[in-house]
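This report refers to the structure that appears directly beneath it.
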Amino acid sequence: MSAPKLISRYILRQFLMSFFAVMLTLGFIILLFDVIELMKKEAAVPSFGFANVLVMGLLKLPNMLITILPFGVLIGAIIVFWRLTKSHELVIIRAAGQSVWQFITPLLIISFLIGVFSVTVFNPFAATMYAKYQRLDDDRKGLPHISTASRDLWLREHRDGKMYTLHANGLRQEKFELTLRGVSIMEFSENNAFLKRIDANKAALQDGFFELHNARTYTPGKNIEFNGSIRIPTELTLGKIQENFASPETISFWDLPKLIDFFESSGFSAHSHRLHLHSLIVSPFLLMTMVLIAAVFSVDPNQRRGGGALKLSCAIASGFLLYFMTRITYAMGFAANLPIVFATWSPPVIFALLSVAVLLHREDG
């Protein structure tokens, strides 16, 4: 095997070891703090139990790992370059004729592949776990559940000592009115005993109630009742449904395009979901930018200048600055103050170009 390939394999092995060690450490710390925070909240609901708190922390963890992934790549790359510098291996690699681009390229490729794996494989798993976390959290708070499956709508609400489950085959929002089609409402007692079921061809969400048209009521041991119109009380409003309707973090990367089309065809705004989709697409390039930032402050032709701790601090600070810039532009994009593409792509592109310019100046200047 040629020397460049041996060097690339060695650097990749060092990076992956550092990356997984950092992610495990950060993941454990996040889980610990989440469990402690949930235990504080659980004090107000003693019946919830520590087991559910621990389960909620574990369910939320995959989504948090995706959030801290850029820092895992940044710190992992910094550790690799720091080890190569401290052991003088970086000097030997440069003396062997390796340019900065030759030993950085493997890290850029593997960071891009980590980002692709995170978006295409790990994200669907994390979205499923986070959806379960939100359901448990809603149970703890006593809030209604709102979820979608394809073009269906599911609502679950606890009220007056009973549980109501609503399913609709389709929905449409026009201005401030929400219309449901193919509606089925099931009523359960506190002991989860089935009480009755109401079917209707059409329903509309009004102020404090669902109004069902051409309704049919099925009650065990009784004949079917036909009603022209029935009102079912509810604490849900159009605003609550819009706020909680299929949170982007609970939707798989592969399902987001279909859900965006569904929202737009139903009259709902899909702006936050489209923004989230673009943020997922740009995430592999964000990880590559983190590697470039680590290289800017960790790879220096003149290693005798000293100031290693200052350089490491600047590298971490620059990584945090990039992350906060992405959050700021994301918030501006969410508020529709910036175009979605500019809000998601501009920070990593700007930082990547600056990093490449610095590395080119050091290498060829």
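Each reported figure results from applying straightforward, stated rules to the coordinates on display, with no laboratory input. The structure displayed is predicted, hence computed values, not measured ones. Positions of Cβ are backbone-derived with ideal geometry, glycine not excepted, and every protein chain shown enters the neighbour counts.
Only the Cβ atoms of Lys and Arg (+1) and of Asp and Glu (-1) were treated as charged; on that basis the dipole of the chain about its Cα centre amounts to roughly 840 debye. Between residue 222 and residue 21, the modelled labels are 6.9 nm apart [label points 7 Å from Cα along Cα→Cβ].
Residues whose amide H lies under 5 Å from that of residue 159, counting only those 5 or more places away or on a different chain, are 164; hydrogens are built 1.01 Å from N in the peptide plane.
Residues whose amide H lies under 5 Å from that of residue 299, counting only those 5 or more places away or on a different chain, are absent; hydrogens are built 1.01 Å from N in the peptide plane.
Measuring r between the beta carbons of residue 209 and residue 184 and using R0 = 25 Å, the FRET efficiency lands at 0.90.
Estimated from the Cβ-Cβ distance and a Förster radius of 30 angstrom, the FRET efficiency linking residue 354 and residue 28 is about 0.35. Phi angles across region 186-196 convert, under the Karplus curve 6.51 cos²θ - 1.76 cosθ + 1.60 with θ = phi - 60°, into 3J(HN,Hα) values of 10, 10, 10, 7, 4, 8, 6, 7, 5, 9, 6 Hz, Gly and Pro given as x.
The charge dipole of region 145-235, taken about its Cα centre with unit charges on the Cβ of Lys, Arg, Asp and Glu (plus for the first two, minus for the last two), comes to roughly 280 debye. Whole-Hz Karplus values for region 153-165 come out as 10, 10, 10, 9, 9, 9, 7, 6, x, 10, 10, 10, 10 Hz, taken residue by residue from phi with 6.51 cos²θ - 1.76 cosθ + 1.60 and θ = phi - 60°; glycine and proline positions read x. With loop membership from DSSP and a limit of 15 other Cβ atoms within 10 Å, the longest segment of the chain without GluC sites (Glu not before Pro) is 1-189. Projected onto planes of every orientation and averaged, the convex hull of the alpha-carbon atoms in the chain covers 23.1 nm². Counting beta carbons within 10 Å around each of 103, 262, 33, 285 and listing the fewest first gives the order 33, 285, 262, 103. Report summary: the helix-based calculation at 222 nm, which adds -39500 (n - 2.57) for every DSSP H run with n ≥ 4 and divides by the residues of the chain, gives -21000 deg cm²/dmol. Full extension of the chain between residue 320 and residue 10 yields a length gain of 108.8 nm, computed as 0.36 nm times the residue separation minus the alpha carbon distance.
Using only alpha carbons, region 145-235 has a radius of gyration to Kirkwood radius ratio (Rg to Rh) of 0.95.
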